[in-house]
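Please treat every number below as a calculation from the coordinates, not as lab data. Bear in mind the structure is a predicted one, so any value in this text is a computation, not a measurement. Please note: Cβ atoms are built from the backbone with ideal geometry, for glycine as well, and neighbour counts cover all protein chains shown.
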Amino acid sequence: MVANRHESSDGLYMTVEQYLVLDESSDAKYEYLDGYAYMLRPPSSAYDDHAVLDLAGGSLAHVALCIRIGAVLDEALSDTPCMAYSSDAKVKVDLKNSLTKIDNL
């Protein structure tokens, strides 16, 4: 992950609509920031038939922490109309023109 995306040249400029089509058409994991799509994880076709795929992209400690935080959020929101979501949810941040997958929301 690049700390400052503006210093990175690995992004591909596209519209939000193009990003959504790209993201839905592949099992690769992408992030959309300020008009640029960045690949976070290559598609499964990029690996050979015997490769062990790291589909989540996080360490076991990271995954354990995310599930615990998600459980706490879900419990805290149980009597409200709000929902807790995992990293599979896309989030649009109006201030940044960005779509990203987060650990918990």
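Here are a few things to note about the model shown:
- Under Karplus coefficients 6.51, -1.76 and 1.60, residue-wise ³J(HN,Hα) of the range 70-78 in Hz, glycine/proline x: x, 5, 5, 4, 4, 5, 5, 9, 4
- Label sites at Tyr13 and Val72, each approximated as a point 7 angstrom past Cα along Cα to Cβ, lie 4.2 nm apart.
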